[in-house]
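A.B. asks: One structure is given below, represented as structure tokens, and several questions about it will come after.
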Amino acid sequence: MGYRVREFQETPNPGAIKCLLEPAIAPLAPGRAGPRSYRSAAAASSDPLAARLFEVAGVENVLIATDWITIGKSPSASWKTVKKDVERALAAASD
């Protein structure tokens with residue numbers, strides 16, 4: 001299926017960016033709606049979408065909502081590279 005980033009939006013945190021997506025993101029399981037927040041790849045291991053995003057070099061945390069994701073990056077990572085790789089990871093997602 002995959003997701004398309006409609007728009008990247010800056011956040012008050014210069015180390016984080018909001019990605020507005022299409023289509024909407026399904027919950028992990030019925031009855032488990034609501035945001036999902038992960039601060040490490042290990043914490044995201046049971047969430048296929050979050051785990052895929054942590055495979056992107058420089059991603060340090062992920063917040064997943066219904067139609068947007070916020071990505072936090074390491075200070076040494078470039079937004080240009082992270083955005084490109086996040087778009088690629090989301091397009092290839094099969095969750």
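A.B. asks: When only residues in the stretch 24-44 that are assigned to a loop (DSSP other than H, G, I, E, B) and at pLDDT 95 or above count, which is surrounded by the most Cβ atoms within 10 Å (Cβ to Cβ)?
C.D. replies: Taking the stretch 24-44 as the starting set, the residues that turn out to be assigned to a loop (DSSP other than H, G, I, E, B) are 24-35, 39-44.
Pick out the ones that are also at pLDDT 95 or above and you get 39-44.
Values: ARG39: 12, SER40: 11, ALA41: 15, ALA42: 9, ALA43: 16, ALA44: 22.
By that ranking, first place goes to ALA44.
A.B. asks: State which residue is farthest from ALA91 (Cα to Cα) when the search covers only the stretch 1-23 and only residues that are surrounded by 12 or more Cβ atoms within 10 Å (Cβ to Cβ) and among the aliphatic types (A, V, I, L, M).
C.D. replies: Taking the candidates together, the pick is ALA16.
A.B. asks: So which residues in the stretch 43-95 are under 17 Å from GLN9 (Cα atoms) and aromatic (Phe, Trp, Tyr), if there are any at all? Talk me through it step by step, then tell me what you get.
C.D. replies: Within the stretch 43-95, the subset under 17 Å from GLN9 (Cα atoms) is 59, 61-73, 78-87, 90.
If the condition is that a residue be under 17 Å from GLN9 (Cα atoms) and aromatic (Phe, Trp, Tyr), then TRP68, TRP79 are the ones that fit.
A.B. asks: Of the conditions (1) within 12 Å of the chain's Cα centre (by Cα); (2) at pLDDT 95 or above, ASP47 satisfies every one except a single condition; which number is it?
C.D. replies: For ASP47, the failing item is (2).
A.B. asks: Something else about it: Could you tell me which of the residues ILE64, ILE69 is within 18 Å of LEU28 (Cβ to Cβ), surrounded by 19 or more Cβ atoms within 10 Å (Cβ to Cβ) and in contact with an Asp or Glu (Cβ under 8 Å, 6 or more places away or on another chain)?
C.D. replies: Details: ILE69 fails: in contact with an Asp or Glu (Cβ under 8 Å, 6 or more places away or on another chain).
Going through ILE64, ILE69 in turn, the sole match is ILE64.
The values are calculated or read from the model by the stated rules, or taken from the named source; none is laboratory data. Small disclaimer: the values here were computed from a predicted structure and weren't measured. Glycine gets a Cβ as well: all are built from the backbone with ideal geometry, and neighbour counts include every protein chain shown.
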